[in-house]
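The values are calculated or read from the model by the stated rules, or taken from the named source; none is laboratory data. These numbers were taken from a predicted model, which means no experiment stands behind them. Cβ: placed from backbone, ideal geometry, glycine included. Neighbour counts: every protein chain shown. Surface areas here come from the heavy atoms of the whole protein model, side chains and all, with no ligands, DNA or RNA. Shrake-Rupley method; radii C 1.70, N 1.55, O 1.52, S 1.80 Å.
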Amino acid sequence: HELLQSAVQRFEREHQPAILERTSTLFAAMTGGRYTAVGRHVDRDRSLFVERREGGKLAPDQLSTGTCEQLFLALRLAYVDDYRAKAEGLPVVLDDVLVNTDPVRQQRILDDLGAQRARLQILIPTCHRTDTAV
């Protein structure tokens, strides 16, 4: 059972779709490496999970509200990257996506978004004050 599970995990890691690979990269950066990968269960309902740096997998509903929102932000941004590679880029509006994010993670996210501004027009309307900057 362990050999089979290891083989399935290796296959999923090596052949995971590009969107999940990009999601993993973005989410790891947003969380400062606390979570190392995002995947989908192959043998069950294909639901998402995240892998922790210390080991173990968590479902999105096991994450804090802010971390879960960051996971889905990473997934949306990965989809935008994939779409942009295949079609004309469109403006991206991220309405109040940092509301449940601590200042350290806010800055990481804004730094990543700032690095993409040469190829994407990103609008982030918010009614919340922040001390972070792009």
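Would you check the accessible area of E2, probe 1.4 Å, heavy atoms only, in square angstrom rounded to 10?
Here the residue's solvent-accessible area equals roughly 150 Å².
With every protein chain kept in the model, how would you rank H1, H41 by accessible area, 1.4 Å probe, largest at the top?
My answer, sorted largest first, is H1, H41.
Between Q5 and S47, how high is the FRET efficiency from 1/(1 + (r/R0)^6) when r is the Cβ-Cβ distance and R₀ = 22 Å? Nearest 0.05.
Numbers: r = 17 Å, r/R0 = 0.77.
Step by step, r from the Cβ atoms, then E = 0.85.
Could you give the semi-axes, largest first, of the ellipsoid that matches region 72-134, computed as the square roots of 5 times the alpha carbon gyration tensor eigenvalues and rounded to whole Å?
Rounded to whole Å, the semi-axes are 22, 11, 11.
Given points 7 Å out from each Cα along the Cα-Cβ axis, report the Y79 to R129 separation in nanometres with one decimal.
Reported label-point gap for Y79 and R129 is 3.4 nm.
In the full protein assembly as shown, how much of R22 is accessible to a 1.4 Å probe, in Å² to the nearest 10?
70
Using a 1.4 Å probe on the protein heavy atoms, what percent of the accessible area of region 46-126 belongs to carbon and sulfur?
So the carbon and sulfur contribution to the accessible surface is 52 percent.
Which value, in Å² rounded to 10, gives the accessible area of K57 with a 1.4 Å probe and all protein chains present?
Surface accessible to solvent at K57 totals approximately 80 Å².
Using the basic label-point model (7 angstrom from Cα toward the beta carbon), what is the A115 to V93 distance in nanometres?
2.8
Under a 1.4 Å probe, what is the accessible area of the chain per residue, stated in Å²?
63
Run through every distinct alpha carbon pair of the chain and return the Kirkwood hydrodynamic radius in angstroms, one decimal place.
Details: mean 1/r = 0.0630 Å⁻¹.
15.9 Å is the Kirkwood radius here.
Going by Cα centres, region 87-109 and region 114-129 are how many Å apart?
Each part's Cα centre sits 6 Å from the other's.
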